[in-house]
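The values are calculated or read from the model by the stated rules, or taken from the named source; none is laboratory data. Fair warning: this is a prediction, and the values are worked out from it, not measured in the lab. Neighbour counts run over all protein chains shown; Cβ positions are idealised from the backbone, glycine included.
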Amino acid sequence: MASSAPAGGKSPAVGGEEMSEGAGSRTGVAGALGLSVTSSVAIVICNKYLISTLGFFFAMTLTSWHLMVTFFTLYVAQRLRLFEPKPIDARTVISFGLLNGIYLGFNSVGFYQTCIR
C-alpha cells in the first residue's frame, strides 16, 4: 500500500501552495512561547494588583493557586489531545529545581521589591 504523504517532505497547503512540515512546527513553538510570555506577564500584573492594591499578602497562596490552575489547564489540554505528553527524567527536573532555587537565593531584596512594587 502506498504512502499518502507527498514526496520531498512537503505537504499541500490551502490555495495549492506547499508548506514544509517544519514550518508548522516552528509556528506552534512560536505560538507556545508567545503564550508563555503573555501568561507570565499577566500573572505578574495580577500578583502586583492583588498584593499592592488589595493588600493580599499571601504570596505562597497565590503561587499554589497559579500552580493548580496550570496543572488543571494542562490536564484538560492533554485530555483534549492538544499535545502529547513525553516522558521526563526525574533527576533532571529535580536538579533544575534545585539550581533555580539556589539562583533565587542570590537575588537581592531590592530585586524582589522592584518586582513587587
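Figures for the structure shown
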| item | result |
| --- | --- |
| Qualifying residue in the range 65-80 (condition: outside any helix (DSSP H, G or I), assigned by TED's automatic domain parsing to the domain that holds Val29 and either modelled with pLDDT of 85 or more or among the basic types (Lys, Arg) (or both)) | yes |
| Filter result (at pLDDT 80 or above, assigned to a loop (DSSP other than H, G, I, E, B) and surrounded by 10 or more Cβ atoms within 10 Å (Cβ to Cβ)) within the range 12-54 | none |
